[in-house]
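Notes for the one structure printed next.
The values are calculated or read from the model by the stated rules, or taken from the named source; none is laboratory data. The structure displayed is predicted, hence computed values, not measured ones. FYI the Cβ positions are ideal-geometry reconstructions off the backbone, even for glycines, and counts take in every protein chain you see.
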Amino acid sequence: MLRGISRFLVAAQVLFCGAAGTSAALSGQPPPPAPPAEIEADRHALVALYIATDGANWVRNEGWLTDQPLSTWRGVFTNPEGRVWRLELQVNQLTGTLPPEIGDLTGLVELDVIHNQLTGPIPPGLRRLASLKALRLASNQLEGPIPSWLGELSDLMQLGLGNNRFTGSIPPELGRLSNLRGLLLNGNRLTGPFPRWIVKLPNLVDVFLGNNRLTGTIPPELGNLELTNLVLHQNELTGSIPIELGKLTRLDRLSLAGNQLTGPIPPSLGNLANVRLLWLAENQLTGTMPPELGQLESLQSLLLRDNQLTGAIPPSIGDLETLQSLDVSRNPGLSGPLPASLAGLQALDILWITGTDLCVPRDAHFETWLANVNFDGERCPPTVT
């Protein structure tokens, strides 16, 4: 189920308007075309990309290598001056490596080549793309370290390198990206300590660092950001869950599963009124389930399996009207009959309690409700009510 975490991409808000273009717009005249040398450099760079990535076998390559305007080439977008400002070649069967000439697209604002079969390192030529706001290279087979010079791309708002084969630590130079909104490095082979410098990125909204080998503790200062997604699952993080995470009231997803976290589940997480997915499974968490979790009015999935939780399931969990899956399995210390309030959860599809001492009460109404749920667990003995 953890592998079902969907890739989350933030759409970069792009405003591309040069001084000359602004003056022309105010005068009602179209902006003057870019110098022919710049447009020709763009064309040359695109031809190099086509050749390097086996463009003849792309899924869609209409218009490429023709003498028509670049805006007619599939996936190429030009600004009013005729320069390439956006390149969208996602899910297009690109193979091979990104050529160094891609750095000649100096007007590029968005580069999107996700879900292809690109290999090799990130080419140093990208360093010259000073206007870049969105770099989306996810779901390829890129490898090597994440270049520290990416921290020089000061306009960058989204860095999407997830689901590749990058190794090494996350370079601290990325902490210079003060405009960054999305840091998506999940599904690589990254090692080293958790990048604590991210707490100083004032515009950060989405943090996806799951499925790596990061170590260290979760910084409490994350609670000072305005995060929508905090996905750190399947790493080697230790320590406790900071109570300060309860201040992230805009969170949609909080996934800390598959680490080595200890201590109790902070009651402050009950303040996450907008969270839909709360995944804390496969850690070493102790203590009881906080009743405050029943305040999560938007919650759809609560995964707490494979921990060391004790006690009963609080009746307040029955207040989670939008809850679709509840997995507390393999917590041997959880015990007692399930609260009758759970039978009011009409949206619940999955209820897993196997590997615990929890049991289903022998109640006709509860059994009728349970018949429509994917249930894995035991019924209570006749003497237990």
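Assorted remarks:
- Region 260-292 - residue that is aliphatic (A, V, I, L, M) and closer than 14 Å to Leu309 by Cα and, of those, nearest to the chain's Cα centre (by Cα): Leu280
- Among the residues of this structure, Pro315 counts as one that is touching a Ser or Thr at 6+ places or on another chain (Cβ under 8 Å) and under 23 Å from Pro382 (Cβ atoms).
- Check on Ala41, modelled with pLDDT under 95, of a type in the set (Gly, Ala, Ser) and over 27 Å from the mean Cα position of the chain (by Cα): no
- Where Leu135 falls short, out of the listed (1) over 18 Å from the mean Cα position of the chain (by Cα); (2) not in a loop (DSSP other than H, G, I, E, B): (1)
- Exactly one residue out of Leu225, Leu256 is within 25 Å of Asp155 (Cβ to Cβ), without any contact (Cβ under 8 Å) to a residue 60 or more places away in the chain and either out of contact with any Asp or Glu (no Cβ under 8 Å at 6 or more places or on another chain) or of a type in the set (Ser, Thr, Tyr) (or both), and it is Leu225.
- Just so you know, in region 230-252 the residues that are buried (at least 22 other Cβ atoms within 10 Å of the Cβ) and in a strand (DSSP E or B) include one that is farthest from the chain's Cα centre (by Cα), and it is Leu237.
- Residue within region 363-383 that is at pLDDT 95 or above, buried (at least 18 other Cβ atoms within 10 Å of the Cβ), β-branched (Val, Ile, Thr) and assigned to a loop (DSSP other than H, G, I, E, B) present: no
- Pairs, first in contact (Cβ under 8 Å) with a residue 12 or more places away in the chain in region 357-377, second in a helix (DSSP H, G or I) and charged (D, E, K, R), C-beta under 8 Å, six or more apart: Val360/Glu367
- On the stretch given as region 338-359, residues that are crowded, with 19+ Cβ neighbours inside 10 Å and either touching a Cys at 6+ places or on another chain (Cβ under 6 Å) or hydroxyl-bearing (Ser, Thr, Tyr) (or both) total 1.
Per-residue answers, yes or no, for (1) touching a strand residue (DSSP E or B) at 6+ places or on another chain (Cβ under 8 Å); (2) among the polar types (S, T, N, Q):
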site: Val113; (1), (2): yes, no
site: Asn116; (1), (2): yes, yes
site: Gly125; (1), (2): no, no
site: Ala138; (1), (2): yes, no
site: Ser154; (1), (2): no, yes
site: Glu173; (1), (2): no, no
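- Listing of strands (runs of 3 or more DSSP E) fully contained in region 261-329 that carry 3 or more residues being surrounded by fewer than 17 Cβ atoms within 10 Å (Cβ to Cβ): 284-287, 308-311
- Qualifying position, being at pLDDT 95 or above and within 30 Å of the chain's Cα centre (by Cα), among Leu338, Leu351, Leu358: Leu351
- Exactly one residue among Ile102, Ile114 is buried (at least 20 other Cβ atoms within 10 Å of the Cβ), closer than 18 Å to Asp54 by Cβ and over 21 Å from the mean Cα position of the chain (by Cα), and that residue is Ile102.
- Count of residues meeting criterion [in a loop (DSSP other than H, G, I, E, B) and within 12 Å of Leu135 (Cβ to Cβ)] in region 174-184: 2
- Among residues that are touching a helix residue (DSSP H, G or I) at 6+ places or on another chain (Cβ under 8 Å), over 23 Å from Asp306 (Cα atoms) and either of a type in the set (Phe, Trp, Tyr) or outside any helix (DSSP H, G or I) (or both), Val207 is included.
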